[in-house]
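Beneath this line is the structure, given in structure tokens, with notes to follow.
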Amino acid sequence: MKEDKDINEQEELNEVRLEATEVPEEGDAKPKSAGGVLGHKTIEDVIQREAKEEQDTSSPFSISKTLGGVIIAKAVQRQMGLVLLISAFLIIYISNRYVCQKKMVEIDRLEKSLEAARYKATVCTSILTEKSRESNIMELLYNYGDSTLAIPQDPPYLIRIEE
């Protein structure tokens, strides 16, 4: 706060010096006005104006400044880079969470379809196992009247061929 006042004082003194060095052009009847006052500013004018400003701004945290947003606006202006960085991280965080939720929904859908496919495969396997049993095959052959096939009564034996 004090640094801001020092900078303002230096700027005003520079303005006074510039105005003192200005020379009126030949067609001008009056000297240039500064701040609505004719003539050149003096250091006394600058000091009086600063005294009035100090009286007006006795408390940096007044209710009107707080409600008007002056303090908050200054704080945001000073930290604009940080505010932008935080905003960028928030956007990335929200978008990342949205993408993650989309993938989780897709995973749940695929798991349900996988479970349904497993149930279907289990049912098909059990039906195939039931139909391929020897007793069921013989019953089907008997029902269709095919008498050429029968269950062998003798055990199988090996035929050995010598080389």
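The single condition among (1) under 31 Å from the mean Cα position of the chain (by Cα); (2) modelled with pLDDT under 90 that Asp108 does not satisfy is (2).
For (1) of a type in the set (D, E, K, R); (2) open to solvent by 80 Å² or more (accessible area, probe 1.4 Å), each residue gets a yes or a no:
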{"site": "Ala88", "(1), (2)": "no, no"}
{"site": "Ala116", "(1), (2)": "no, no"}
{"site": "Gly145", "(1), (2)": "no, no"}
{"site": "Pro156", "(1), (2)": "no, yes"}
{"site": "Arg160", "(1), (2)": "yes, yes"}
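For the range 118-143, which positions are of a type in the set (Gly, Ala, Ser) and either open to solvent by 100 Å² or more (accessible area, probe 1.4 Å) or in contact (Cβ under 8 Å) with a residue 40 or more places away in the chain (or both)? Steps first, please.
The initial filter retains those residues of the range 118-143 that are of a type in the set (Gly, Ala, Ser), namely 121, 126, 132, 135.
None; the set is empty.
The values are calculated or read from the model by the stated rules, or taken from the named source; none is laboratory data. If you're wondering where the values come from, they're calculated on a predicted model, not measured in any experiment. FYI the Cβ positions are ideal-geometry reconstructions off the backbone, even for glycines, and counts take in every protein chain you see. The accessibility values were calculated without ligands, DNA or RNA, using every heavy atom of the protein model including side chains. Shrake-Rupley method; radii C 1.70, N 1.55, O 1.52, S 1.80 Å.
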